[in-house]
Amino acid sequence: MSDVKIAFIGCGGNANGHMNQLSQLDGARIVAVCDVQLERAQSAAEKHNAHPYTEHRAMLERDDLDAVYLSLPVFAHGQPELDVIARGLPFFVEKPVAINMDIAREIEEQVAKEELITCVGYQLRYLGSTQIARAMLQNTPLNMLVGKYWCGTGHGNPDTWLRQMNKSGGQLVEQATHTIDMMRYMGGEVDTVYAMQANRVLKSTDCPDVNSLSMQFASGAIGSLTATWAYDPGDWSNANILDVFYASQMLNWNPSRVAVREDGKWTEKTAPSPTIDEVFVEAVRSNNGAHIRSPYSDAVKSLAISLAANRSAQENRPVSIAEMG
Ligand SMILES: NC(=O)c1ccc[n+]([C@@H]2O[C@H](COP(=O)([O-])OP(=O)(O)OC[C@H]3O[C@@H](n4cnc5c(N)ncnc54)[C@H](O)[C@@H]3O)[C@@H](O)[C@H]2O)c1
């Protein structure tokens, strides 16, 4: 079968990672790349033998596209997705899916209407460690989930979109969404969050740099998450950690392995897994999204939790996910 021909909207750091993955995949070809910064589009185009654009609508006029990747700053979501949907193309979009629920719901509605295959960049769902943990937890009542995302990415230029609250939504929306999504993937839907936030270290940004959330799951389980991006930028060992207390047992998950206690001893388990790019390209090729673990409508639910936590901290009250719209 012929190559799946892919276009990119956004050619920043994350997009380049996906381009490199795709360039190693048989049957995938990057044919067009777009960035509002011409030099970024040109550099990606040169590397992948694609055509550069600075306006995504001009790129979408091509008649040879099979799928689109969108890897944009959080505030830039909305019209690009709607234009891709109007063109009837399946798309991969990076998390978080939008800066607010109105934009996310509008895109979600259009995706459903057009019945498009979508895939959101929650790549941790595909890992062997995740699949093992999920299989273990599937038919067991969970009691408590405790997540942690401590890293140092809040340090650095305070003027970039990442470190401005109205452009990124702060760490909970932009980054710890991965851990929130894992908590949902393992523990099911969240009903209510109650959050506290403060800015203790990174005084030149308007984003909170310490976050503490309590969560009520629909199942009756409870959860908590702490997140900071003001920690040591050189240590990633405390980013994306999850402890799950189920029955009278616990497991400890991180992206590289899941540790479980069996017969009084800790055992570490992992398994090979496909990349999210392989799964998406295969879904497009086969016109079958069954193996995509985070379609657009599911990812909107993870966004709602981060936004509810920000609202909760700002208004100093528990916020139900239902009230996020
Ligand atoms: N899944 C992951 O683990 C992971 C990791 C890193 C980043 N991300 C996500 O990827 C996205 C991009 O992050 P990044 O670090 O690459 O940011 P970045 O700032 O490096 O790249 C974003 C690019 O989008 C371009 N852009 C902005 N508006 C545009 C438009 N309308 N049309 C075309 N191009 C436009 C910018 O010029 C920039 O080059 C974010 O949502 C981020 O959260 C995900």
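The values are calculated or read from the model by the stated rules, or taken from the named source; none is laboratory data. Values in this document were obtained by computation on a predicted structure and should not be read as measured data. Counting neighbours? That spans all protein chains shown, and the Cβs are built from the backbone with ideal geometry, glycine included. Side chains are part of the model used for accessible areas, which takes the heavy atoms of the whole protein and leaves out ligands, DNA and RNA. Shrake-Rupley method; radii C 1.70, N 1.55, O 1.52, S 1.80 Å.
Just one of (1) in contact (Cβ under 8 Å) with a residue 60 or more places away in the chain; (2) not assigned by TED's automatic domain parsing to the domain that holds residue 10 fails for residue 105. It is (2).
Restricting the stretch 108-127 to residues that are without any contact (Cβ under 8 Å) to a residue 40 or more places away in the chain and more than 23 Å from residue 275 (Cβ to Cβ), the residue that is most open to solvent (accessible area, probe 1.4 Å) is 115.
Residue by residue, here is whether (1) within 14 Å of residue 215 (Cα to Cα); (2) of a type in the set (S, T, N, Q); (3) open to solvent by less than 30 Å² (accessible area, probe 1.4 Å) holds:
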site	(1), (2), (3)
269	no, no, no
273	no, yes, no
281	no, no, yes
285	no, no, no
296	no, no, yes
302	yes, yes, yes
306	yes, yes, yes
323	no, no, no
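Collect the residues in the stretch 9-43 that are out of contact with any His (no Cβ under 8 Å at 6 or more places or on another chain) and not in a helix (DSSP H, G or I), keeping them in residue-number order. Result: 10, 11, 12, 24, 25, 26, 27, 28, 29, 35, 36, 37.
Each row is one residue, and each column tells you yes or no for (1) within 12 Å of the ligand (Cβ to nearest atom); (2) touching a helix residue (DSSP H, G or I) at 6+ places or on another chain (Cβ under 9 Å); (3) in contact (Cβ under 8 Å) with a residue 12 or more places away in the chain.
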residue: 148; (1), (2), (3): no, yes, yes
residue: 154; (1), (2), (3): no, yes, yes
residue: 160; (1), (2), (3): yes, yes, no
residue: 163; (1), (2), (3): yes, yes, yes
residue: 176; (1), (2), (3): yes, yes, yes
residue: 185; (1), (2), (3): no, yes, yes
residue: 188; (1), (2), (3): no, no, yes
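Do we have residue 42 as away from the ligand (no atom under 11 Å from the Cβ), out of contact with any helix residue (DSSP H, G or I) (no Cβ under 7 Å at 6 or more places or on another chain) and at pLDDT 95 or above here? Talk me through it step by step, then tell me what you get.
Numbers: away from the ligand (no atom under 11 Å from the Cβ): yes; out of contact with any helix residue (DSSP H, G or I) (no Cβ under 7 Å at 6 or more places or on another chain): yes; at pLDDT 95 or above: yes.
It is true that residue 42 is away from the ligand (no atom under 11 Å from the Cβ), out of contact with any helix residue (DSSP H, G or I) (no Cβ under 7 Å at 6 or more places or on another chain) and at pLDDT 95 or above.
Selection over the stretch 62-76 of residues that are assigned to a loop (DSSP other than H, G, I, E, B), near the ligand (Cβ under 10 Å from one of its atoms) and open to solvent by 30 Å² or more (accessible area, probe 1.4 Å) gives a count of 2. No other residue among 134, 125, 87, 62 is in contact with a Phe, Trp or Tyr (Cβ under 6 Å, 6 or more places away or on another chain) and more than 23 Å from residue 311 (Cβ to Cβ) apart from 125.
Would you point out which residue out of 225, 172 is within 21 Å of residue 97 (Cβ to Cβ), within 16 Å of the ligand (Cβ to nearest atom) and surrounded by 22 or more Cβ atoms within 10 Å (Cβ to Cβ)? Steps first, please.
Values: 225 fails: within 16 Å of the ligand (Cβ to nearest atom).
The unique qualifying residue is 172.
Within the stretch 45-56, if we keep just the residues that are more than 10 Å from the ligand (Cβ to nearest atom) and assigned to a helix (DSSP H, G or I), the residue that is surrounded by the fewest Cβ atoms within 10 Å (Cβ to Cβ) turns out to be 46. Pairs linking a residue in the stretch 1-28 that is farther than 24 Å from residue 288 by Cβ and open to solvent by 40 Å² or more (accessible area, probe 1.4 Å) to a residue that is within 16 Å of the ligand (Cβ to nearest atom) and part of a loop (DSSP other than H, G, I, E, B), with Cβ atoms under 8 Å and 6 or more positions apart or on different chains, are 14/71; 14/94; 14/121. Taking residues in the stretch 128-140 that are open to solvent by 60 Å² or more (accessible area, probe 1.4 Å), and partners anywhere that are part of a helix (DSSP H, G or I), the pairs with Cβ atoms closer than 8 Å and at least 6 places apart or on different chains are 134/185; 134/186. Taken over the stretch 190-221, the residue count meeting the criterion of being over 22 Å from residue 170 (Cα atoms) and surrounded by fewer than 17 Cβ atoms within 10 Å (Cβ to Cβ) is 3.
Yes/no per residue for (1) within 25 Å of residue 71 (Cβ to Cβ); (2) at pLDDT below 95; (3) in a loop (DSSP other than H, G, I, E, B):
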{"site": "104", "(1), (2), (3)": "yes, no, no"}
{"site": "108", "(1), (2), (3)": "yes, no, no"}
{"site": "112", "(1), (2), (3)": "yes, no, no"}
{"site": "116", "(1), (2), (3)": "yes, no, yes"}
{"site": "125", "(1), (2), (3)": "yes, no, no"}
{"site": "129", "(1), (2), (3)": "yes, no, no"}
{"site": "134", "(1), (2), (3)": "no, no, no"}
{"site": "149", "(1), (2), (3)": "yes, no, no"}
